[in-house]
Every structure is written in structure tokens, then in C-alpha cells.
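Participant: Sending over a structure as C-alpha cells; questions will come in a sec.
The values are calculated or read from the model by the stated rules, or taken from the named source; none is laboratory data. The structure presented is a predicted model; accordingly, all values stated were derived computationally and were not measured. In this analysis, Cβ positions are derived from the backbone assuming ideal geometry, glycine residues included, and neighbour counts consider all displayed protein chains. Accessible surface areas use protein heavy atoms only, side chains included; no ligands, DNA or RNA. Shrake-Rupley method; radii C 1.70, N 1.55, O 1.52, S 1.80 Å.
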Amino acid sequence: MVRTPLTPEERERGERLGRLLREARGPRSMNEVATVAGLSAETLRKIETGRAPTPAFFTVAALAEALGLSLDEVLARCSPLPA
């Protein structure tokens, strides 16, 4: 299966998501947040660094819950910027 290359907008959205998650995580460790969200620390690391810029919805939802973020806030902070 060949994966379609990401657009620049998708990459930017992934970078914004990573920044939001790092800010929301604050001093908590990746292991702590990943465990609460039911993910591996490596998955969280990839999302935070932009190496996994398009995580599944349920992954984002689990991270949002673990970090006390609403999905509305995640959407607002990670949506494309107006042109």
C-alpha cells in the first residue's frame, strides 16, 4: 500500500498539535501522559515531534482527555490558519 504524501498544511497542523500537546503536558513526563492515555511513550513522542502528524482521531481524543483539553480546544488550536 502506497501512502499519499502529506500536504504542507497537514504537516503544519501536525506541528501545531505537537506544540499544543507539549504545552499541555507541562512538567509531566511523556510516560505518565502516555500511560493515562493508553498509548506508548514512543507514540506520544512521534506526535509531539511531528513525526506522526496525522494521528487517529481516537488517539487525539485519548490524549486530550489525559491532558484536560477539550476536543474543541484541540480543533481551534490545530486547524489551518486563515489565509
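Participant: Expressed in whole Å with the largest first, what are the equivalent ellipsoid semi-axes of the range 18-65 derived from the C-alpha gyration tensor as the square root of 5 times each eigenvalue?
Facilitator: Taking √(5λ) for each eigenvalue gives 14, 12, 10 Å, largest first.
Participant: Turning to a different aspect of this structure: Can you check what the net charge comes to around A41, using other residues whose Cβ is under 15 Å from the Cβ of A41 (Lys, Arg +1; Asp, Glu -1)?
Facilitator: Details: positive: R22, R25, R28, R45, K46, R51; negative: E32, E42, E48.
Result for the local shell: +3.
Participant: Once the chain is represented by equal point scatterers at the alpha-carbon sites, with solvent omitted, what log10 I(q)/I(0) does the Debye formula produce at q = 0.13, 0.23 Å⁻¹?
Facilitator: Rounded to two decimals, the profile gives -0.38, -1.11.
Participant: Can you tell me the 0 to 90 degree angle between the C-alpha axis of helix 8-25 and the longest principal axis of the chain, rounded to 10?
Facilitator: 10
Participant: With each label point set 7 Å from Cα along the Cα-Cβ vector, what nm distance links S79 and E9?
Facilitator: That separation, rounded to one decimal, is 1.3 nm.
Participant: Heavy-atom accessible area per residue, the chain, 1.4 Å probe: how many Å²?
Facilitator: 66
Participant: Quick query: amide H of T54 versus all other amide H atoms, modeled in the peptide plane; which residues come in under 5 Å with a sequence gap of 5 or more or a different chain?
Facilitator: Under 5 Å from the amide H of T54 lies no amide H from a residue far enough along the sequence or on another chain.
Participant: Please report, largest first and rounded to whole Å, the three semi-axes of the ellipsoid equivalent to the range 1-45, where each semi-axis is the square root of five times an eigenvalue of the C-alpha gyration tensor.
Facilitator: In descending order, the three semi-axes are 24, 15, 6 Å.
Participant: Next question. Starting from 0.36 nm per residue, how many nanometres of slack lie between M1 and R22 once their C-alpha separation is accounted for?
Facilitator: 4.4 nm
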